[in-house]
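Coordinate-derived values only; no laboratory data. Treat the numbers as computed from the prediction; the structure is a model and nothing was measured. All Cβ positions, even for glycine, are placed from backbone atoms using ideal geometry, and neighbour counts span all protein chains on display.
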Amino acid sequence: MKRIRVVAFTLVAAFALAVLFVLLHRFEVWIGAGSFLSGVLAGVVLTALAIARMISSTQRKVKDMRQERLRVALPAPRLPTDETAIYHWKVRKLDGTLAAMDDLIRHVAFLNFWSTMCMPCVKELASIERLHSMLREEGVVFMCIASDQDLEKLRDWVAENNVSVPVFSLAGDNMPPMFDSEFIPATYVVAADSRIALKHEGAAAWDHPSVVRFMRALVAEGDILAHPTNPPDPESALSE
């Protein structure tokens, strides 16, 4: 339908220009002006067509660039680091109560620091949820810790976007320095022996097969420490 309207408009415009040229030519003959006015009009029309074509071409290129950026896949995160995590700090649950990070000791933990106002953070969240669905029952604890301090807005955002991975909020300035990144999103994977096995700043495709293999290897490694078979549920196991 849109193409039909465009064709109809083009035909009407061409007919109107043809009539205008005929009338203008007769007027030129009547006043003895030669073809000067017709030439001016033709120049204006051709210039307008060239400008319209240039604008249309530019709009198509901008649209193609935007679509290409959306198609670009997130990179796989870099592996690994050798820092040791400190657990003696707390985060805030969405109900406002505090949760102690000490409860994560001897568990493989996936900690993602993010914000609802950070577009890269939001973009990678879907891949985190897919990783969470794959590894939640295999001994990995997932925590997405937001810098957002308005818990009501954070709860609403989580509900509106149907976020399934456990979400928390930072509680004060008690975060240990090894997790204090200048960038978000920032993601850390902590092994069962408290070693920070992975640190990645920026968005990534967290359900990438290499990440899944890496996480499962950490879980198998942690079995040596004889942690409980069933992983804790961060929403209930992290106590005040």
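Taking the alpha carbon gyration tensor of the range 90-237, multiplying each eigenvalue by 5 and rooting it gives semi-axes of 23, 17, 15 Å, largest first. Pairs of alpha carbons in the range 86-157 separated by more than 19 Å make up 41% of all such pairs. Once the Cα-Cα distance is subtracted from the 0.36 nm per residue extended length, the residue 137 to residue 102 segment shows a gain of 10.6 nm.
Here the Karplus relation 6.51 cos²θ - 1.76 cosθ + 1.60, evaluated at θ = phi - 60°, turns the backbone of the range 143-154 into coupling constants of 9, 9, 9, 8, 7, 4, 9, 7, 5, 5, 5, 5 Hz, with x for every Gly and Pro. Within the shell defined by Cβ-Cβ distances under 14 Å, the residues around residue 161 carry a net charge of -2, with Lys and Arg each +1 and Asp and Glu each -1.
Per-residue packing, averaged as other Cβ atoms within 10 Å, sorts the ranges 139-152, 104-117 into the order 104-117, 139-152, beginning with the highest. Legend: calculated FRET efficiency, residue 147 to residue 201, from the Cβ-Cβ distance at R0 = 25 Å, rounded to 0.05, equals 0.95.
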